[in-house]
Number of protein chains: 2
Amino acid sequence: MAVTIKDVAKHAGVSVSTVSKVLNDWKTISQETKDRVHASILALNYTPNARAVSFARGTTRNIIYLTALAEGEAYRNPHMFDIMCGVFTNLARQGYTMTMMDISDDEHPRETVAEIIARKSADGVVIHGSVINQEIANLIIDHEFPHIVIGHPEFDNRLCWVDTNHLLAGQYAADYLVNHDVSPVSFIGGRRNELISKERERGFRAVLLKHHKKISPEYVIHTNSTWQEGYDAVRQLLAMQEPPKAIVCENNTIAVGAARALAELGIRVPEDLFFLTFDIYPYTSILDPQPTVVDINVYDMGLQAADMIVRKIENPSLMIQSYTTLPRVITL
Amino acid sequence: MAVTIKDVAKHAGVSVSTVSKVLNDWKTISQETKDRVHASILALNYTPNARAVSFARGTTRNIIYLTALAEGEAYRNPHMFDIMCGVFTNLARQGYTMTMMDISDDEHPRETVAEIIARKSADGVVIHGSVINQEIANLIIDHEFPHIVIGHPEFDNRLCWVDTNHLLAGQYAADYLVNHDVSPVSFIGGRRNELISKERERGFRAVLLKHHKKISPEYVIHTNSTWQEGYDAVRQLLAMQEPPKAIVCENNTIAVGAARALAELGIRVPEDLFFLTFDIYPYTSILDPQPTVVDINVYDMGLQAADMIVRKIENPSLMIQSYTTLPRVITL
DNA sequence: CTGAAAGCGCTTACAG
DNA sequence: CTGAAAGCGCTTACAG
């Protein structure tokens, strides 16, 4: 039989309540009693039963991480897991556990989330931006359930969220080129209706404008984020009368195609041309030529999300909507 | 106030025990009572309190996934997360939750694992092979704590584990070349003291031997798994008097270097040379030339690990040591 | 500073 | 087929 708080109480010659108070560090307990109880705990090798503690306290010190965990997601979207590691690590530091939850093949995500809240198996939820919708948002807000969304949701501004500032990342890219006095510059964008892509382009353009460097339309090419289009775009740009001195690829997929075109054309980077992209991917480092990367440490964003969900639990009325974690420019 | 089992009992005009029995699907309850209770549950929108259930039942229906979740691990080792997704998904299907636990920066992993067991916050543990050691193994075995190790531990054969069969993967690679009647063949190996690398080479050699195709020592090159060595090895092999007609790279890092050398030399794959490697990585698909890949679906291994831990919980004396999930040859 | 006692919301022998 | 009651192992007002 496992040893319980009763056994410790008997061994130390005190009451169960006293043992509990020692365990929870009440300052009303005399040092002498504390020592005796601790000795008994050690002697009996006692560990509190987490199930009982959680039940008696009415809290779990557990956070649910809600996301989409499909097969192969780890290869397609490693950032999601790096964020998760950050959230997890910082929750653990603060004495919280983290339970995974998936709604990728869930036909009734609303009900799943409703159950999370009703079953009380967690004190809060961290939601990856890719899986949230208005229905889930309403549910969480109506129940005042502590939550943090990773990634700025576009549809509901009553939610709490953290996000990386893609606008700022675009600005960093432009700053880098302005500082190196490069001109003219070009931008190969992703899908126009994607927020991240739009934001990066907007930030990029804003800085150029500020420095009175206009970027004429023929230097901006929008793609559907395929390698082939990245490749074609570079071919097209470099065949211009005045080819650009810098190519900024809005994402890594475009950059893969771009690199191939640059390699074929024998372009030297950065001597002949500056080559930039955003985010480090597992394959960024084997691109040839090597781009300069404006990266965002999403692990750090995860750490911060963990801080925030804990603060929300302690103070549910807190409103948190925050751009966090500055980009950094990495020359590989 | 949240609605409890008492409220349901009162609403349905039955006792608390009866509601509990309905909830747990006892077959001694009359259909009429069942219907009435279910109606009340719906009417009151009742959901059992998970903390209370877990406490009363003495089980959690929770599994701990023990691994190393350092920053950037998601980029370096995406397979680990694909396995994790498989474990998680199949646990969820069987009504289990999964809690993450990390011992990467843990100075006392033994104590951490001891606490997992003592605190009873999980019914079992799935351990990634990279974080287990003899000390932890002893602890788990001594306490008869339900567990599955992902990856065959070399040091203790009392543990339960699942693994992919790397020997078999090596055999598949050789089979593929034998079937295409390629000769001579070469093998660029990783570190000689690494189990996976050794196994792949062993399987590869065994099949060749069986088919009376010897592989002479100059066609086998061992490296420390760097791109540069992969690159150099290919250069060296193709400069031989009788260059090989096939190059098998024991891992993707070597294959990156090999691909670069092949591209420079203008070698056509597979017309001039067969080019093989193991495992799909995020960047495998952008290698040029494209290798044929002997891949193992580690997500599937995760699914199977989940089945096994559940079986272990139901029957702790079960001994499970199993090679699972066949390799598959993928031509990209 | 310490302890007796109620209570957290279920499950499960046991009795009927 | 149903219910009264004990119990799971803690926490926490409350009294002293």
- FRET efficiency for B:Glu314 and A:Lys214, Cβ-Cβ distance as r, R0 = 60 Å, nearest 0.05? 0.30
- Note on the structure: For the stretch A:246-285, the accessible surface attributable to carbon and sulfur atoms (probe 1.4 angstrom, ligands and nucleic acids excluded) amounts in percent to 49
- Task: Pull up all non-local amide H partners of B:Cys160: gap of 5 or more, or a different chain, and H-to-H distance under 5 Å with H placed in the peptide plane.
- Result: B:Val149
- Message: 7 Å along Cα→Cβ for the label point: how many nanometres lie between A:Pro289 and each equivalent label in the other copies, listed shortest first?
- Response: 2.8
- Can you list the lysines whose alpha carbon is less than 28 Å from that of A:Lys21, not counting same-chain residues fewer than 8 positions off? A:Lys6, A:Lys10, A:Lys34, A:Lys120, A:Lys312, B:Lys120
- Buried accessible area between B and A, both sides, 1.4 Å probe, in Å² rounded to 100, is 4500
- Item | Shielded residues, the stretch B:47-81 - accessible-area loss of 40 Å² or more between chain alone and all protein chains, probe 1.4 Å | B:Thr47, B:Ala50, B:Arg51, B:Phe55, B:Leu69, B:Glu71, B:Ala74, B:Tyr75, B:Phe81
- Message: For the pair A:Glu107/B:Ala206, report the inter-label distance in nm, with labels modelled 7 Å from Cα in the Cβ direction.
- Response: 4.5
- Message: As a test of the formula, what do you get for chain B when each DSSP H run with n ≥ 4 contributes -39,500 (n - 2.57) and the sum is divided by the residue count, at 222 nm and rounded to the nearest 500 deg cm²/dmol?
- Response: -14000 deg cm²/dmol
- Item | Per-selection Rg to Rh, the stretch A:166-295 - Cα, Kirkwood hydrodynamic radius | 0.92
- Item | Inter-copy spacing of A:His222 label points, which lie 7 Å from Cα along Cα→Cβ, given in nm from shortest upward | 5.7
- Message: Taking only the Cα atoms of the stretch B:5-48, how large is their convex hull per residue, in Å³?
- Response: 57
- Dmax and Rg, reported as Rg then Dmax, of the protein assembly as shown (C-alpha, Å): 29.0, 92
- When only Cα pairs under 8 Å and 6 or more residues apart are kept, what is the percent relative contact order across chain A? 18
- Placing each pseudo-label 7 Å from Cα in the direction of the beta carbon, B:Asp288 and B:Ala2 end up separated by a distance in nanometres of 5.7
- Message: Can you say what percent of the DSSP beta bridges in the protein assembly as shown, counting only those with both residues inside, are antiparallel? Round to 5.
- Response: 15
- Message: Report for chain A the percent antiparallel among DSSP-assigned beta bridges with both residues inside it, nearest 5.
- Response: 15
- In terms of the ratio Rg/(2.2 N^0.38 Å) built on C-alpha atoms, what value belongs to chain A? 1.32
- Around A:Phe274, which amide H atoms from residues at least 5 apart in sequence, or from another chain, sit under 5 Å from its own amide H, with H modelled in the peptide plane? A:Ala246, A:Ile247
- Could you grab the relative contact order for the stretch A:5-48? Cα pairs under 8 Å, six or more apart, rounded to a whole percent. 45
- Task: Enumerate the calculated ³J(HN,Hα) couplings along the stretch B:277-282 in order (Karplus 6.51 cos²θ - 1.76 cosθ + 1.60, θ = phi - 60°), each rounded to whole Hz, writing x wherever the residue is Gly or Pro.
- Result: 8, 10, 6, 8, 10, x
- Query: Rounded to a whole number, what % of the accessible area of the stretch A:5-48 do carbon and sulfur atoms account for, probe 1.4 Å?
  - Reply: 54
- Message: What is the sum of charges, Lys and Arg at +1 and Asp and Glu at -1, for the other residues whose Cβ falls under 12 Å from the Cβ of B:Ile132?
- Response: -2
- Message: Just to be sure I understand: with springs between alpha-carbon atoms less than 10 Å apart, which residue in B:Val207, B:Val294, B:Val22 has the highest mean-square fluctuation in the Gaussian network model of chain B?
- Response: B:Val22
- Under a 1.4 Å probe, what is the accessible area of the stretch B:166-295 per residue, stated in Å²? 45
- Note on the structure: In whole Hz, the Karplus estimates of ³J(HN,Hα) for the stretch A:322-330 (6.51, -1.76, 1.60; θ = phi - 60°; x where Gly or Pro) are 8, 7, 9, 6, 6, x, 9, 9, 10
- Query: How far apart are the A:Asp35 label points across copies, placing each 7 Å from Cα toward Cβ, in nm, shortest first?
  - Reply: 7.0
- Message: What does the charge count around B:Ser183 come to, taking other residues whose C-beta lies under 9 Å from its C-beta (Lys +1, Arg +1, Asp -1, Glu -1)?
- Response: +1
- Message: Given a 10 angstrom Cα cut-off, can you work out which residue in A:Asn165, A:Asn45, A:Asn193 is the most mobile in a GNM of chain A?
- Response: A:Asn45
- Expressed as a whole-number percentage, the relative contact order of the stretch A:166-295 with C-alpha contacts under 8 angstrom and at least six residues apart is 26
- Note on the structure: Taking N as the number of residues in the stretch B:37-160, the ratio of its alpha carbon radius of gyration to 2.2 N^0.38 Å works out to 1.24
- Query: Which lysines does A:Lys245 reach when only Cα atoms under 17 Å apart count, and residues fewer than 8 places away in its own chain are ignored?
  - Reply: A:Lys213, A:Lys214
- Task: Could you tell me which GluC sites (Glu not before Pro) in the stretch B:229-317 are loop residues by DSSP with no more than 12 other beta carbons within 10 angstrom of their beta carbon?
- Result: B:Glu271
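The values are calculated or read from the model by the stated rules, or taken from the named source; none is laboratory data. Keep in mind that this is a model prediction, so the values were computed, not measured. Here Cβ is always computed from backbone atoms with ideal geometry, including for glycine, and neighbour counts include all displayed protein chains. Side chains included, ligands, DNA and RNA excluded: accessible areas come from the protein's heavy atoms. Shrake-Rupley method; radii C 1.70, N 1.55, O 1.52, S 1.80 Å.
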